[in-house]
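What follows is a set of notes on a single structure, which appears directly below.
The values are calculated or read from the model by the stated rules, or taken from the named source; none is laboratory data. This structure is a prediction, so every number in the text was calculated from the model and none was measured. Quick reminder, even Gly has a Cβ in these numbers, built from the backbone with ideal geometry, and neighbours come from all protein chains shown.
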Amino acid sequence: MEVGVLKPSFSIGKLSSLAPEKILEPSVHSEEEVLEDGEEIDGGVRLMYLSNEGDIEGIKELFDSGIDANYRDIDDRTALHVASCQGLKDVVELLLEWEAEVDPKDRWGSTPLADAIFYKNIDVIKILETHGAKHPMAPMHVEAALEVPEYEINPDELDFTQSREISNGTYCMAMWRGIQVAVKKLDDEVLSDENQVRRFHDELALLQRLRHPNIVQFLGAVTQSNPMMIVTEYLPRGDLRELLKRKGHLKPATAVRYALDIARGMSYLHEIKGDPIIHRDLEPSNILRDDTGHLKVADFAVSKLVTVKEDKPLTFLDTSCRYIAPEVFTSDEYDTKADVFSFALIVQEMIEGRIPFAEKEDSEASEAYACKERPFFKAPSKHYPHGLKSLIEECWLDKPAKRPTFRAIIKRLESILHHMGHKRQWRIKPLTCFQKFEHKKKHNWDVSSPDGSSSGSHL
């Protein structure tokens, strides 16, 4: 293009990830509009169009004719920007093969990788990363070294060579300083989602405050580079959901002990001084088992402080609606008692061996709760220790204010467990006495004479 000729702005297809919402009318709408007095379209502009259309052969012809792969329009956007927005991985690979710059910035500061991330074009993201594209600055990045959080972990210390997904892909296992850890990544495609980044920030703020044997231990995080990550202790025995799928119903004593672990962790969350925490997603896959056989509450991605008013209600995309309280489902005001409702469903599931309202879809189960329906007790009565069934029924009462607190639940469960132990001892004692009697009888028989008379002297 001759010097002094105004370059058009290529505005067909998807726009820059950082372009303002309201932009000027595009100076080019179609290829025909560029033509004047029979002149052919400029080669650089044609490259932009063909990259948008995915025309591999046409692009190769342009390169053979000497067109520069790094042509920029008036907004400093390149063909690589365009192809990255459209998710055309073959075009991206061809442009890079012809020495297109991997990290050019447009007038708004967006790179091809930033555009690919914004439009969630995963294949293109991987190609650009392979060619050395640099990730956009982490949303939580700080300039001053003194402002870097104490919990910050150097991502180079995390070894993913033997990594595998855990917790339904939410976390993955990695090695950190010689120990196995669980790592939750903020995926590339959500880096531009302000709500996701804010949720990540909120989860971090909660995790670093929590210290309890029945809460998964937070170890640190990566916030100064991408991808951002949360690092917690790794619990290799999996979650309660996996256990229930494998075993079905649990033994009553095991179910009560597990219920106590969950209640203790939740009581800690609800009674934190100043800012009690509502978990809001208490369900079996968010409850993990440690090496000692105890349970720990995990995943605080949708948790909230009681004192903080949320901008928008929780959605079914955020949490498992099969376990949420009816007041949450109907978007009414709710408090810590919403977690008590979820707890009741989990305890019943451990005894019954089936998910709540197994015959219904998730959304149908939530609607049933809102209509004051509750899952049936189908297991034999002997599977429910004395007092457990009534406790479950109190925990899922329709009026939240009438549900017990977790502190009260713990006392009830401890009493139930004590009663079970006492009852078991009562059953064993007669057996022990009988065994002693049999032993004594056998001993007397051994020392008697062959004809059955005693070998001792008789008066």
Original post:
Quick one: is Asp291 closer than 17 Å to Leu391 by Cβ, of a type in the set (Asp, Glu) and touching a Pro at 6+ places or on another chain (Cβ under 9 Å)?
Top reply: no
Original post:
When region 97-118 is examined, which residues are found to be out of contact with any Pro (no Cβ under 8 Å at 6 or more places or on another chain) and of a type outside the set (Ser, Thr, Tyr)?
Top reply: Glu97, Trp98, Glu99, Ala100, Glu101, Lys105, Asp106, Arg107, Gly109, Asp115, Ala116, Phe118
Original post:
Is there a residue in region 227-243 that is surrounded by fewer than 22 Cβ atoms within 10 Å (Cβ to Cβ) and at pLDDT below 85?
Top reply: yes
Original post:
List the pairs whose first member sits in region 275-300 and is over 16 Å from Pro213 (Cα atoms), whose second member is of a type in the set (Asp, Glu) and assigned to a strand (DSSP E or B), and whose Cβ atoms are under 8 Å apart, counting only residues at least 6 apart or on separate chains?
Top reply: Pro284/Asp239; Ser285/Asp239
Original post:
Do we find that Leu186 is touching a helix residue (DSSP H, G or I) at 6+ places or on another chain (Cβ under 8 Å), at pLDDT below 80 and either under 18 Å from Gln224 (Cβ atoms) or surrounded by fewer than 17 Cβ atoms within 10 Å (Cβ to Cβ) (or both) in this structure?
Top reply: yes
**OP:** Using the structure shown, decide if Ala255 is closer than 30 Å to Lys273 by Cα and either without any contact (Cβ under 8 Å) to a residue 12 or more places away in the chain or surrounded by fewer than 14 Cβ atoms within 10 Å (Cβ to Cβ) (or both).
**Re:** no
Original post:
Any residue in region 230-247 that is basic (Lys, Arg), in contact with a Ser or Thr (Cβ under 8 Å, 6 or more places away or on another chain) and more than 18 Å from Leu269 (Cα to Cα)?
Top reply: yes
Original post:
Among (1) within 18 Å of the chain's Cα centre (by Cα); (2) within 25 Å of Ala338 (Cα to Cα), which single condition is Arg211 missing?
Top reply: (1)
Subject >> Residue match in region 249-271 (condition: at pLDDT 95 or above, of a type outside the set (Val, Ile, Thr) and under 21 Å from Cys172 (Cβ atoms)) >> reply: no
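Select, from Glu33, Glu93, Glu25, Glu40, the only residue that is assigned to a helix (DSSP H, G or I) and modelled with pLDDT under 90.
Glu33
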**OP:** Quick one: which residue in Glu373, Glu349, Glu333 is in a helix (DSSP H, G or I) and not polar (S, T, N, Q)?
**Re:** Glu349
Original post:
Restricting attention to region 262-273, does a residue exist that is farther than 25 Å from Lys389 by Cα and of a type outside the set (A, V, I, L, M)?
Top reply: yes
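Taking region 359-378 as the region of interest, how many residues are of a type in the set (A, V, I, L, M, F, W, C) and either within 21 Å of Asp332 (Cβ to Cβ) or within 23 Å of the chain's Cα centre (by Cα) (or both)?
Result for region 359-378: 4.
Among the candidates Ala301, Ala408, Ala358, Ala401, which residue alone is over 19 Å from Ala259 (Cβ atoms) and modelled with pLDDT of 95 or more?
When all the criteria are applied, what remains is Ala401.
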